[in-house]
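The values are calculated or read from the model by the stated rules, or taken from the named source; none is laboratory data. These figures come from a predicted structure and were not determined experimentally. Cβ coordinates were reconstructed from backbone atoms using ideal geometry, including for glycine residues, and neighbour counts include every protein chain displayed.
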């Protein structure tokens, strides 16, 4: 049976009895124990292993065995590549060492300081005279060192392999359109939040304020055995001007009000009470997401720049340009029918607040990884330190952590940070048991996306006490904008439109995807010449950046389970919700299909028939715009040519 890569002899059948022979052999395979079948599967290539799952329900379960795909992920990891390279270097002729060190010393973009140190290192102490035994020991140490899952965590390694190697697709959510005098104009999202449901914690609805002052809700629920998923359809939308306080037809005034502050963390959603907190300039609106009506509004002394998450009974932390507040629903507020009262904060306010020495908080997170009694509030922004407040003794400052960088986004991983001193590859004297003990300790890790001296800085801070790790060399050449844990990896975005995945060590690169490489429907004929050849062109997805990343399946310390009896989520549903600088919302998925799902054939035919005229109109407008673009580019080239002759 050569397809399995395992020497199982097959009986010879006549030409007209091949089908019967294959069926008989399948029956023989069905009688084998699961352990034997899994051993056979370990010899298969990945493509054959995937096709093997379609034979039967039993082979589907065995073909997705977690231990099997864990080894596949490790075999394609950077840690295994470094181990194999070190093993090859150890068996090389010693006379090549001088030449090898000379080549290694040459500058190159593909080698890091760690790679150079490994290549130039001497022979490690051999604990056994048996080379095969030594190789097995080194491989087991490399596997334990690479293992992304913590002892209390359950990772799906089949999904992990898909996320590391499958093609990336982005499905954009349909934004509402506003009829204007000349053409249809798409609204822009000025923030984003999510609603979660059930014990599985999967995101079901996406909530976003729009630039016309309205609120829109989309259904992005995952596919399962009981439903086809939400497919990103619009569920409901409020009237225009709800958040801006302007008339529905005053879209220009609403646009100015909604985009003036430019805060990224301007929306916080409480899934338990179905309430949303929307920050618009210095006002905080509380909205009932079931009715899309404002219940109350509270004014703060300065424009609001950041909101913490709203969860349970924990009050929302509000950050303004110069102050930090705990939002108290019992505090002074005015209802939707009333108007705001003008006021100024001089020497204090009716409710307690913390005053900042430097302006600009951009992200606030509540650390809940150290137990239910933890009441930490972490504030970061344009200043170079993270501020730690205790909710029980607010506004007294409990402590600070100096970063030196300006942090744009904070996120948390509910597991401890393993120090670099316990790296089994860098430190051969460290035992595997010491690493496992460090992983089993209670703790949490704060992830920070920052900018340090013009370059991106990915920073990991272990709590309660662990040496922080700051990757300021290989993270990005531009400022980092957002960061989030994604499965067994960490994903972050930068100012060049890149999304980068690294291992949980914050250094080992997994893959990179640029949001501007996402497929755009319609013909493209943008010329790379002329003064109009910047990356920010008229086509969607050109020169865009990702301002915020939200995993649709958040990382949790508990095992995931189905939300309904008999309803099992489809594989490969751990996607990413993206909010871009152009005000677009998208779902990033892995595979060849649209992450939002395909419409039913009847719906597709209806949409195709109804939008034929609209597509023809858009195509004509696009062709006209390209013709005008080429004319302007030629004019710009002529201006440069004449300027070069000295006529200007």
Test residue 496 against the criterion of being within 30 Å of residue 361 (Cα to Cα) and either modelled with pLDDT of 50 or more or in a loop (DSSP other than H, G, I, E, B) (or both), and give yes or no.
yes
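Taking residue 263, is it part of a strand (DSSP E or B), under 23 Å from the mean Cα position of the chain (by Cα) and under 22 Å from residue 359 (Cβ atoms)?
So residue 263 fails the test.
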Which number in (1) modelled with pLDDT under 90; (2) on the phi > 0 side of the Ramachandran plot marks the one condition that residue 404 misses?
(1)
Can we say residue 275 is more than 18 Å from residue 583 (Cα to Cα), under 27 Å from the mean Cα position of the chain (by Cα), at pLDDT 90 or above and surrounded by fewer than 21 Cβ atoms within 10 Å (Cβ to Cβ)?
yes
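Let's see how each residue does on (1) closer than 21 Å to residue 263 by Cα; (2) surrounded by fewer than 15 Cβ atoms within 10 Å (Cβ to Cβ); (3) modelled with pLDDT under 90:
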| residue | (1), (2), (3) |
| --- | --- |
| 297 | yes, no, no |
| 310 | yes, no, yes |
| 313 | no, yes, yes |
| 321 | yes, no, no |
| 341 | no, yes, yes |
| 352 | no, yes, yes |
| 367 | no, no, yes |
Where residues in region 266-291 are touching a residue at least 60 places away in the same chain (Cβ under 8 Å) and assigned to a loop (DSSP other than H, G, I, E, B), which of them is nearest to residue 329 (Cα to Cα)?
274
Only one residue in 465, 472, 489 is within 18 Å of residue 400 (Cβ to Cβ) and in the same structural domain as residue 513 (by TED's automatic domain parsing), so which one is that?
465
Tally the residues that are surrounded by fewer than 19 Cβ atoms within 10 Å (Cβ to Cβ), out of contact with any helix residue (DSSP H, G or I) (no Cβ under 8 Å at 6 or more places or on another chain) and over 16 Å from residue 150 (Cα atoms), restricting the search to region 429-458.
5
Tally of residues being under 19 Å from residue 506 (Cα atoms) and outside any loop (DSSP other than H, G, I, E, B) across region 423-435:
1
Any chance residue 254 is outside any loop (DSSP other than H, G, I, E, B), out of contact with any helix residue (DSSP H, G or I) (no Cβ under 9 Å at 6 or more places or on another chain), surrounded by 14 or more Cβ atoms within 10 Å (Cβ to Cβ) and without any contact (Cβ under 8 Å) to a residue 60 or more places away in the chain:
yes
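Determine whether residue 560 is assigned to a loop (DSSP other than H, G, I, E, B), under 30 Å from residue 422 (Cβ atoms) and at pLDDT below 85.
Criteria met by residue 560.
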Does residue 387 satisfy the criteria of being under 19 Å from residue 504 (Cα atoms) and either in a loop (DSSP other than H, G, I, E, B) or not assigned by TED's automatic domain parsing to the domain that holds residue 149 (or both)?
no
Going by what's in this entry, would residue 244 be described as farther than 27 Å from residue 359 by Cβ and either crowded, with 17+ Cβ neighbours inside 10 Å or within 29 Å of the chain's Cα centre (by Cα) (or both)?
no
